[in-house]
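Below: the structure, in structure tokens.
The values are calculated or read from the model by the stated rules, or taken from the named source; none is laboratory data. Bear in mind the structure is a predicted one, so any value in this text is a computation, not a measurement. Don't worry about glycine lacking a Cβ; one is built from the backbone with ideal geometry, like all the others, and counts go over all protein chains shown.
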Amino acid sequence: MRRAVFLDRDGVINRAVIKNGKSYPPGSLAEFEILPGVREAIAALREAGFLVIVATNQPDVGAGRQRVEVVEAMHAWLLEELAVDDIRVCYHVDADRCQCRKPLPGMLLDAARAWGIALGESFMVGDRWRDVAAGRAAGCRTALVDHHYAESVPEAADVTVDSLAAASRWILTTLRPE
């Protein structure tokens, strides 16, 4: 079985658009800005033997506010530029009640089956409570990249950090014997 680090996209890999204290995805590839330290963090995780898999909710597609082609262009760029291993996407809105939309663990469970991932030896890094809840439900350890959004985090992550770089350092430190 393999180990993986699952990453939320907006607010973890790329800069989220903040409106009234809430996080939104960028509207175009031109607005898609990779956050500082992300390239290095992903490279370090891969060097340590982790699969790096993006697991992202993109409900603006399901709601008709974004075109799937725009999201797919962003993901093609991520696969090429950051060398992530896979990208799992949920285009549904909450009302669809699908199993893939975080906070449910469907995307992580599907990726685990496809890649032979040991979820108990894996991590979920996200910037919202939905990410933490999905990671916990899948049996992963969790890291919250806290941008102080105007929302509560009902379930505590294993660690709270300010960036993917910090989460990566925490993950790599947990692998060292005491």
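Listed values, structure above:
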| read-out | value |
| --- | --- |
| Residue within segment 133-140 that is modelled with pLDDT under 95 and in a helix (DSSP H, G or I) present | no |
| Residue among 68, 61, 84, 93 that alone is touching a strand residue (DSSP E or B) at 6+ places or on another chain (Cβ under 7 Å), β-branched (Val, Ile, Thr) and on the phi < 0 side of the Ramachandran plot | 84 |
| Strands (runs of 3 or more DSSP E) contained entirely in segment 1-120, each with at least 3 residues that are at pLDDT 95 or above, of a type outside the set (Asp, Glu) and buried (at least 18 other Cβ atoms within 10 Å of the Cβ) | 4-7, 51-57, 86-90 |
| Candidates 62, 11, filtered to the one that is closer than 17 Å to residue 127 by Cβ and in contact (Cβ under 8 Å) with a residue 12 or more places away in the chain | 11 |
